[in-house]
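The values are calculated or read from the model by the stated rules, or taken from the named source; none is laboratory data. Computed from a predicted model, the values in this text were never measured in an experiment. Reconstructed Cβ throughout: ideal geometry from the backbone, glycine too, with neighbour counts over all protein chains shown. Ligands, DNA and RNA are stripped out before the accessible areas are found, and what is left, the full protein with its side chains, is counted by its heavy atoms. Shrake-Rupley method; radii C 1.70, N 1.55, O 1.52, S 1.80 Å.
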Amino acid sequence: QLFEISLSHGRVVYSPGEPLAGTVRVRLGAPLPFRAIRVTCTGSCGVSNKANDAAWVAEEDYFNSSLSLADKGSLPAGEHSFPFQFLLPATAPTSFEGPFGKIVHQVRAAIHTPRFSKDHKCSLVFYILSPLNLNSIPDIEQPNVASATKKFSYKLVKTGSVVLTASTDLRGYVVGQALQLHADIENQSGKDTSPVVASLLQKVSYKAKRWIHDVRTIAEVEGAGVKAWRRAQWHEQILVPALPQSALPGCSLIHIDYYLQVSLKAPEATVTLPVFIGNIAVNHAPLSPRPGPGLPPWAPPLVVPSAPPQEEAEAAAGGPHFLDPVSLSTKSHSQQQPLLATLGSVPGAPEPCPQDGSPASYPLRPPLCISTGATVPYFAEGSGGPVPTTSTLILPPEYSSWGYPYEAPPSYEQSCGSVDPSLTPES
């Protein structure tokens, strides 16, 4: 009549190295002979070549422990409880679910009945969060700056260039923290640029028969374009939504990277900054390069532009000098203003962060996000189960179906050292 597994105190989230205790409950309307009653605790990862396909082409196991709850005998009618306890390994990776693979931890119980009788089985999934301390990442407190120069032709015979420089206040962030973006654009031509776009990208790499890269746009901000012969600065922020942590240490089949990409479509120029998403915020003040006089501390070093062509000298004479940058306005933002209030209303979510972008205060257990899809759950300490977030404001948006296979964003070194935005790192 009943065969189920329950965990002590209703917990669903555990840390590596913790004991996991629970009970197997059986309710019978008649006596049940059995050969054995066993409970197993497992952790594994599976990866597929096709989206949402459970036929794994690559797998790896992290732990597999079994206990015998009862030997051969017969259970009389009524309710029976069998307590159990496992010790989770210290190297167990954080739970994760994606379209091409997942890391799953679960408890399974089975009643093995005599020959020719049906065995009874049940299972319960639990989640492991191995907090990523951003302070353990080398150079996490260093400035995050990249620049690209794009030369192009316009009006058939004229040439110009655009210098695009982007920077962030930190290299690593936690959920609910504001990523401060600063962009400097020098338009050294007589043609207006297209609007500038900043995108927070997530790249999940799955190691099947070959590497599969699933690239998604998490948030996007669009600013105005830059007029001819002008220099402009753009300051914006992106609030980090509920996202799985970077890297997934302990798992060799799935890897997660995050990037901030700032780009212009016309002329085509792109810079890419790697960022880390973790569970424990950076506790060092960000370092910044020495600013020039009269510039804010995040401003990149000044680049003195070459003089405009002679035929444009008169047109540029009446305009502001490059060293007097204008401020760009923001045209659209995929994240809406009520986001801060929504974050505070989700059980287990961190408190809203201050306006200066400093990390928010967190409960004892950091929030756990295991999925990249539209049903990302938050988990909180206590007797409650997983609470699905109801607001789309803190979830990755619905993504369009990109072509397959996917190209990975360029690395930090390629972004800084090359003007060709089509270069991508090797898989």
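The table below lists the values:
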quantity: In region 32-42, the residues that are open to solvent by 20 Å² or more (accessible area, probe 1.4 Å) and within 17 Å of Asn64 (Cα to Cα); calculated: Arg38, Thr40
quantity: Tally, over region 177-214, of residues that are outside any strand (DSSP E or B), closer than 24 Å to His255 by Cβ and either open to solvent by less than 10 Å² (accessible area, probe 1.4 Å) or charged (D, E, K, R) (or both); calculated: 3
quantity: Only listed residue being more than 23 Å from the chain's Cα centre (by Cα) and in the same structural domain as His9 (by the TED database), chosen from His105, His112; calculated: His112
quantity: Matching residues in region 109-145 - criterion: being farther than 18 Å from Ser246 by Cβ, small (Gly, Ala, Ser) and either modelled with pLDDT under 90 or surrounded by 16 or more Cβ atoms within 10 Å (Cβ to Cβ) (or both); calculated: Ala109, Ala110, Ser117
quantity: Search result, residues across region 6-31 that are of a type in the set (A, V, I, L, M) and surrounded by 19 or more Cβ atoms within 10 Å (Cβ to Cβ); calculated: Val12, Val13, Leu20, Val24, Val26
quantity: Any chance Thr217 is open to solvent by 10 Å² or more (accessible area, probe 1.4 Å), in a loop (DSSP other than H, G, I, E, B) and among the polar types (S, T, N, Q); calculated: no
quantity: Selection status of Ile140, touching a Leu at 6+ places or on another chain (Cβ under 6 Å) and in a loop (DSSP other than H, G, I, E, B); calculated: yes
quantity: Unmet criterion (only one of (1) free of Cβ contacts under 8 Å to residues at least 60 places away in the same chain; (2) open to solvent by 20 Å² or more (accessible area, probe 1.4 Å)) for Tyr154; calculated: (2)
quantity: Residues (modelled with pLDDT of 95 or more and buried (at least 22 other Cβ atoms within 10 Å of the Cβ)) located in region 157-170; calculated: Val162, Leu164, Ala166, Ser167, Thr168
quantity: Complete set of residues in region 70-90 that are polar (S, T, N, Q) and at pLDDT 95 or above; calculated: Ser81, Gln85
quantity: Residue within region 8-17 that is of a type in the set (Gly, Ala, Ser), at pLDDT 95 or above and in a strand (DSSP E or B) present; calculated: no
quantity: Unique residue being on the phi < 0 side of the Ramachandran plot and of a type outside the set (D, E, K, R) when the list is Phe86, Phe116; calculated: Phe86
quantity: Criterion: in the same structural domain as Ser153 (by the TED database) and in contact with a Gly (Cβ under 9 Å, 6 or more places away or on another chain) - qualifying residue of Val240, Val262, Val226; calculated: Val240
quantity: Answer from Ala242, Ala228, Ala266, Ala232 - the residue that is modelled with pLDDT under 95 and either in a strand (DSSP E or B) or open to solvent by 40 Å² or more (accessible area, probe 1.4 Å) (or both); calculated: Ala266
quantity: Every residue from region 83-102 that is buried (at least 16 other Cβ atoms within 10 Å of the Cβ) and among the hydrophobic types (A, V, I, L, M, F, W, C); calculated: Phe84, Phe86, Leu88, Ala92, Phe96, Phe100
quantity: Selection count, region 43-82, where residues are in contact with a Ser or Thr (Cβ under 8 Å, 6 or more places away or on another chain), surrounded by 11 or more Cβ atoms within 10 Å (Cβ to Cβ) and under 24 Å from Pro99 (Cα atoms); calculated: 6
quantity: Residue in region 276-285 that is modelled with the highest pLDDT, counting only those that are in a loop (DSSP other than H, G, I, E, B) and either basic (Lys, Arg) or open to solvent by 60 Å² or more (accessible area, probe 1.4 Å) (or both); calculated: Asn283
